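The values are calculated or read from the model by the stated rules, or taken from the named source; none is laboratory data. As the structure is a computational prediction, the values presented were derived from the model and not from experiment. Positions of Cβ are backbone-derived with ideal geometry, glycine not excepted, and every protein chain shown enters the neighbour counts.
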Amino acid sequence: MAKRRNPRVPGSRCAMGCREKVETRTSLNVFAQPVRGDEMDQGQLTDVILSCGPEATLEVGWSGVTQRVCDVDKVDAGPASWQVKVNRARVGPGTIGWIHRWRDGGRLAALIQFTSEPYEEQEARGTIHYCDGILHHLSEPVASHLITSATGWTNKAPYTTNRARRFNDGVMLKYEEVQVLAGLLAPADLAWLQQARTS
């Protein structure tokens, strides 16, 4: 989850709706260089899944430790920090985080390009590992059901038909999974991703 940074002024941004149609895109290459899942297993991860719970309680998880609730929709685009709970030794500058927002069925809401290694920060009830980066709000968020039903998706949480949808921030996304997600992005968001890969 994000640290509290420059909270968005209410009303300064229109509400974001989920994509309700899927446009088929072929031959996507959202990597600066071709990367296969087995290569990612050897070192730094190119992509991870992250979460945001705007209706979380202050009893467990990130909200339990920080005594705050985060809504990615209200975090300013640009410099931001996000929790990385697992794979911390394999996340760093250049890793892309795909942020899932838990609400109303859930949706892929934002991307973050990490620019630092994870670091510890003391919070109200313990320590959280954060990673700095550049946050990008999707111009057209992608509804969970579109990902779950997309051809080639692996049924990985949170986009799964299984009841156990929970996961830890920092779980690896494989090459094939990233290709599926990228294929559901709006052109402007895909362009941001491709630019982030080469910067």
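Being touching a strand residue (DSSP E or B) at 6+ places or on another chain (Cβ under 7 Å) and part of a loop (DSSP other than H, G, I, E, B) is the filter; apply it to segment 151-181 and report the residue that is surrounded by the fewest Cβ atoms within 10 Å (Cβ to Cβ).
Only one residue fits best here, namely F167.
Going through segment 182-195 one residue at a time, which ones are buried (at least 18 other Cβ atoms within 10 Å of the Cβ) and either without any contact (Cβ under 8 Å) to a residue 60 or more places away in the chain or within 24 Å of A89 (Cα to Cα) (or both)?
Answer for segment 182-195, where residues must be buried (at least 18 other Cβ atoms within 10 Å of the Cβ) and either without any contact (Cβ under 8 Å) to a residue 60 or more places away in the chain or within 24 Å of A89 (Cα to Cα) (or both): L185, L193.
If I ask for residues that are modelled with pLDDT of 90 or more and either more than 24 Å from V178 (Cα to Cα) or in a helix (DSSP H, G or I) (or both), which ones from segment 52-104 would you list?
D76, R88, A89, R90
Within segment 166-176, can you find the residues that are touching a residue at least 24 places away in the same chain (Cβ under 8 Å) and either farther than 24 Å from W102 by Cβ or over 13 Å from the mean Cα position of the chain (by Cα) (or both)?
Of everything in segment 166-176, those that are touching a residue at least 24 places away in the same chain (Cβ under 8 Å) and either farther than 24 Å from W102 by Cβ or over 13 Å from the mean Cα position of the chain (by Cα) (or both) turn out to be K174, Y175, E176.
For E121, state whether it is under 28 Å from T66 (Cβ atoms), of a type in the set (D, E) and in contact with a Phe, Trp or Tyr (Cβ under 6 Å, 6 or more places away or on another chain).
So E121 fits the description; yes.
Do we find that R68 is surrounded by fewer than 21 Cβ atoms within 10 Å (Cβ to Cβ), within 14 Å of V48 (Cα to Cα) and in contact with a Leu (Cβ under 9 Å, 6 or more places away or on another chain) in this structure?
no
Given (1) assigned to a loop (DSSP other than H, G, I, E, B); (2) buried (at least 19 other Cβ atoms within 10 Å of the Cβ), where does V142 come up short, assuming only one miss?
Failed condition: (1).
State which residue is surrounded by the fewest Cβ atoms within 10 Å (Cβ to Cβ) when the search covers only segment 82-126 and only residues that are touching a residue at least 12 places away in the same chain (Cβ under 8 Å) and of a type in the set (S, T, N, Q).
S116
Could you check segment 155-175 and list, in sequence order, the residues that are among the hydroxyl-bearing types (S, T, Y) and modelled with pLDDT under 90?
Of everything in segment 155-175, those that are among the hydroxyl-bearing types (S, T, Y) and modelled with pLDDT under 90 turn out to be Y159, T160, T161.
Being acidic (D, E), assigned to a strand (DSSP E or B) and more than 14 Å from the chain's Cα centre (by Cα) is true for just one of E117, E121. Which residue is that? Reasoning before the result, please.
Numbers: E117 fails: assigned to a strand (DSSP E or B).
When all the criteria are applied, what remains is E121.
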